[in-house]
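Read through the structure below, which is laid out as structure tokens, and then see the notes.
Derivation of every value follows stated rules applied to the coordinates shown; laboratory data play no part. Because the structure is a prediction, the values reported are computed rather than measured. Quick reminder, even Gly has a Cβ in these numbers, built from the backbone with ideal geometry, and neighbours come from all protein chains shown.
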Amino acid sequence: MKRIGILSDTHSCWDDRFAIHFKDCDEIWHAGDIGCVDVIRRLEQVCPVVRAVHGNIDHGETRRYFPSVLQFRVEDINVFMTHIGGYPGRYQPGITQMIHDAGARIFVCGHSHILKVMYDNRLDCLHINPGAAGHQGWQSKRTLVKLDIDGATPSNLEVIELGGLKM
């Protein structure tokens, strides 16, 4: 079993509560708009495996180090992650085919700053947008997501609210 922490849209913001909430995780996934690469370096001090994609605000070092799309396997589940992806019924052009081609059973994206967890029956895939963990944007709550993956089964999904835009 693996414990996974998921966040997105940090926009260079580090919050010490990331470390508190993710300290028991085996992996952390960042779905883009990282901002400063130092956010990832700090996450790597919390957890042995950090996977990340760049987002539309990322540039320079961050864009060079992190791809726009990641496909990987955790336990017995294929995962597909990108920053701008949409959600079931409203995917960005080409995303449905990419999820299908990856054989993904979990699809993670960010960008909208809207926390959204939905099951896509058509693709047999769990969609996760963890919302925004940073201070940029219009979201009323900053959020993180955690879940367990045991074999081919995701479970124990937890939404963590960090509060509003002001710390």
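See the values below:
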item	result
Tally of Lys pairs whose C-alpha atoms are under 23 Å apart, taken over the chain, 8 or more apart or cross-chain	10
Three principal axis lengths of the chain [C-alpha, angstrom, descending]	39, 33, 31
Cα centre as origin, Lys/Arg/Asp/Glu Cβ charges: the chain dipole, Debye	320 debye
The range 11-78 shape via C-alpha gyration tensor axes, a/c threshold 1.5	oblate
Label-point gap, in nm, between residue 24 and residue 97 - each point 7 angstrom along Cα→Cβ	4.2 nm
Relative contact order of the range 1-79, pairs being alpha-carbon contacts under 8 Å that are 6 or more residues apart, as %	28 percent
Max mean-square fluctuation residue, GNM over the chain, Cα-Cα springs under 10 Å, options 76, 15, 33	76
Max mean-square fluctuation residue, GNM over the chain, Cα-Cα springs under 10 Å, options 19, 104, 132	19
Relative contact order of the chain, pairs being alpha-carbon contacts under 8 Å that are 6 or more residues apart, as %	23 percent
